[in-house]
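A short reminder: the numbers here are calculations on the coordinates, not readings from a lab. Since the structure is predicted, the reported quantities are computational estimates derived from the model, not experimental observations. Here the Cβ positions follow ideal geometry from the backbone for every residue, glycine too, while neighbour counts run over all protein chains shown.
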Amino acid sequence: MPTWRIGSRGSRLAQTMVTEVLDHLSTAHPEHTWVRRTIMSAGDQDRSSSLRDLASSSAGVFAGAVEQALLNGEIDVAVHSLKDLPTATTLGTVVAAIPRRHEVRDALCGTTLDALAPGHRVGTGAPRRVGQLHHACPGVVAVPIRGNVPPRLRQMREKGLSGVVLAAAGLHRLGLQESITEYLDPVRWPPSPAQGAIAVQVRAADAALARVVAAVHDEEAAATTQAERALLQVLGGGCHVPIGAYATIRAGQLHLLAQVTSTDGSTTIRAEATGAADQPEMVGEHVARRLLDEGVEAVLASSA
């Protein structure tokens, strides 16, 4: 019977995502055995630096160490939050599956947008969320916070914050959805590209294993995230730049909305387009070019 080592970060959320993947793989391939491995990432090891500083000094703040373990042969399958993976594929690897995508929206915990007033303090360290928060609620103070989901909720209480902004998918996966006080409309508050999606990665040479892992693949999740990440790649950004993207599919057509917001909230540039669902990269590139035509490079440079 084949035995495969499947690895991820050690956070509770990362382990929950591995369990989610394994539940499907074990059902599809009961003849295979899966052994879990935990990899410590740069983002896990350094809890004091901002994510922006880490991103500038490390290729793949959260994904790099797991990818390296895959390439070194320490594990056979890597499970990532897709938004943490660089848009350029790491040489020697392939994303063999993107399972069904979960909740894409951001969530506000502890308060609501309508209840926020100038001077209120809200926890978030992501430039995109900081810009969107300042744009939607002028005068609100964004307080940098780091850590996994439960510690961020704890910091909200310990620091006396009015609330924190988190990915709803993470809260749901951890059974913490009761902490959500408001889901943020993805049209007004576009999430990070590929938010809510999981990437299942193998070595490029392991074609047989890639076919095994493909049992958890979801075409709609793949198309929407490919469009969002194609946009990100053209704009030259990663998950720590103020770019939001929201793709949906209806009747074979893929619609992509993207928004770039300066971190002070003063400037917002939006663009959208619709195209064939089987050509998601083309849709993403088209929206990116529209944003560039609107001068988005200046906004990205000012927020760097």
Original post:
How big is the chain on each of its three principal axes, counting only the C-alpha atoms and giving the largest first in Å?
Top reply: 61, 45, 36
**OP:** Specify the longest stretch of the chain that does not include any exposed loop site, a site being one of the GluC sites (Glu not before Pro) with a non-H, G, I, E, B DSSP assignment and at most 15 other Cβ atoms within 10 Å.
**Re:** 75-293
Subject >> Ranking of Met40, Met17, Met282 by count of other Cβ atoms within 10 Å, fewest first >> reply: Met40, Met282, Met17
Original post:
Taking Rh as the Kirkwood radius, which is the inverse of the mean 1/r over Cα pairs, what is the Rg/Rh value for segment 168-230?
Top reply: 1.08
**OP:** With 5 Å bins from zero, work out the P(r) of segment 106-183 over every alpha carbon pair and list the percent per bin.
**Re:** 3, 17, 31, 28, 15, 4, 0
Subject >> Environment charge of Val149, counting only residues whose C-beta is closer than 11 Å and scoring Lys/Arg +1, Asp/Glu -1 >> reply: +4
Original post:
What relative contact order, as a whole-number percentage, does segment 106-183 give when Cα pairs under 8 Å and 6 or more residues apart are counted?
Top reply: 47
Subject >> the chain, relative contact order [Cα under 8 Å, separation at least 6], % >> reply: 20
**OP:** Find the Rg to Rh ratio for segment 232-302, where Rh is the Kirkwood radius over alpha-carbon pairs and Rg uses the same atoms.
**Re:** 0.99
Subject >> Of Pro150, Val164, Thr111, farthest towards positive along the dipole that unit charges on Lys, Arg, Asp, Glu beta carbons give segment 103-169 >> reply: Pro150
**OP:** Taking the Cα centre of the chain as origin, work out the dipole magnitude from +1 charges on Lys and Arg Cβ and -1 charges on Asp and Glu Cβ, in debye rounded to 20.
**Re:** 740
**OP:** Would you mind working out the magnitude of the charge dipole of segment 232-302 relative to its Cα centre, with +1 at each Lys and Arg C-beta and -1 at each Asp and Glu C-beta, to the nearest 20 Debye?
**Re:** 160
**OP:** Describe numerically, in nm with one decimal, the distance between label points set 7 Å from Cα along Cα→Cβ at Arg121 and at Glu294.
**Re:** 3.4
Original post:
Just from the alpha-carbon atoms, what are the Rg and Dmax of segment 194-280 in angstroms?
Top reply: 15.3, 51
**OP:** Would you mind counting up the charge near Thr90? Only other residues with Cβ under 12 Å from its Cβ, with Lys and Arg at +1 and Asp and Glu at -1.
**Re:** 0
